[in-house]
Amino acid sequence: MAFHRTGTMWISASSSKFGALYRLGATTGEVQARQEVVVGIEDLSFDPDGGLWSVSEAASRRWAKWNQTFPLVFRIDVSRLK
């Protein structure tokens, strides 16, 4: 889970078949938006410019047989999400 400077809360969920990023209400925890992302997404952190950084297990050797892989560390521009 990570908090954007605006107070929005973000969490990730994934498996070998899906990846999802959720924007939640900071006070209620209600799901405000769900965005499909890469499989294996986990761990979230915002940089000072508001970029959301994450890592994906799908890039590790352990998960090399997954149908989809993605670089281990990547940045998401949350302003471009639905």
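None of the figures in this text is laboratory data; all of them are computed from the coordinates on show. As the structure is a prediction and not an experimental result, all values here were calculated from the model. Here the Cβ positions follow ideal geometry from the backbone for every residue, glycine too, while neighbour counts run over all protein chains shown.
Brief remarks follow.
- Summing +1 for each Lys or Arg and -1 for each Asp or Glu among the other residues whose beta-carbon sits under 10 angstrom from that of residue 54 gives -1.
- The slack between residue 42 and residue 15, meaning 0.36 nm per residue of separation minus the straight C-alpha distance, is 8.7 nm.
- 5 angstrom amide H check on residue 45, placed H, neighbours 5+ away: 53
- Residues residue 79 and residue 28, FRET efficiency given R0 of 22 Å [Cβ-Cβ distance, rounded to 0.05]: 0.45
- Under 5 Å, built H, 5+ apart or other chain: amide partners of residue 33: 23
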